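Values in this text are rule-based calculations from the coordinates and carry no lab data. These numbers come from a predicted model, not from an experiment. All Cβ positions, glycine included, derive from the backbone under ideal geometry; neighbour counts span all protein chains shown.
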């Protein structure tokens with residue numbers, strides 16, 4: 001009988017231990033389930049944290065203003081230019097195509113140059129963009145026109161340039177024999193630009209319309225092309241609407257097309273591109289550079 005009760009007691013203990021072990025195992029499984037479920041929000045938290053600390057996009061860069069200007073002639077400084085002017089600026093009455101609308105630079109002998117100005121490299125006065133290439137047409141001969149927008153010129157320069165206020169265009173006198181119609185003028189009238197023309201170059205330009213040009217970059221050589229009687233650089237400045245382009249221009253030339261004559265009349269006679277004295281820009285080098 002004692003053996004029976006002893007056996008029953010041992011059986012009860014073993015059964016209780018088995019139940020305890022089983023419960024511990026189940027608790028362990030439940031604990032594993034909890035661990036897996038709590039990892040899920042951790043996985044979605046990291047990208048949220050990265051998104052919340054993103055660096056803002058940088059602002060759109062603004063154009064860098066020009067800080068200098070260059071002589072239009074190699075080895076001739078800006079201060080020396082008045083010494084070699086052979087054709088000074090002479091503003092014509094509005095709507096007339098006479099007098100001298102730029103300034104001419106030339107010499108037969110100057111300093112150590114005993115060969116004359118013919119072939120002397122011509123340089124861009126300002127940074128800009130080519131807007132017209134003229135090839136062997138009167139009156140400019142071989143020429144290049146370069147645009148420099150006003151909104152990227154250093155503001156300290158502008159008061160010295162004596163820029164005119166925008167004026168209405170004019171009806172061109174019929175005696176100028178300009179075509180009445182031409183290509184649509186797809187210019188930007190919200191902004192203004194300086195337009196610098198370098199004329200009577202020795203050879204046609206190798207640049208292309210739209211090409212960027214740096215101050216001091218060689219754009220040609222002094223020549224005697226077009227309406228010219230001796231080698232010289234004709235330098236002319238106008239101010240007008242931005243982003244203008246011209247597919248050549250010509251006048252007083254039997255080879256000139258209707259489009260070339262129309263472009264010339266818009267450029268020279270319409271008052272859309274207002275004339276400036278080039279020496280106002282070239283003579284204020286020291287005072288306008290800050």
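Brief remarks follow.
- Short-range pairs are left out: with C-alpha atoms under 8 Å and at least six residues apart, the relative contact order of the stretch 78-288 is 30 percent.
- Take the Cα of residue 79, step 7 Å toward its Cβ, do the same at residue 109, and the gap between the two points is 2.4 nm.
- Distance between the pseudo-spin-label points of residue 100 and residue 217 (7 Å out from Cα toward the beta carbon): 3.0 nm.
- Each residue in 177, 249 was given a count of other beta-carbon atoms within 10 angstrom of its own, and listing them fewest first yields 177, 249.
- Modelled label reach - residue 167, point 7 Å along Cα→Cβ, the stretch 247-266 residues with backbone N closer than 16 Å: 266
- Förster radius 30 Å - calculated FRET efficiency between residue 136 and residue 190, Cβ distance, rounded to 0.05: 0.30
- Placing dummy labels 7 Å off each Cα toward the beta-carbon, the span from residue 208 to residue 247 is 1.7 nm.
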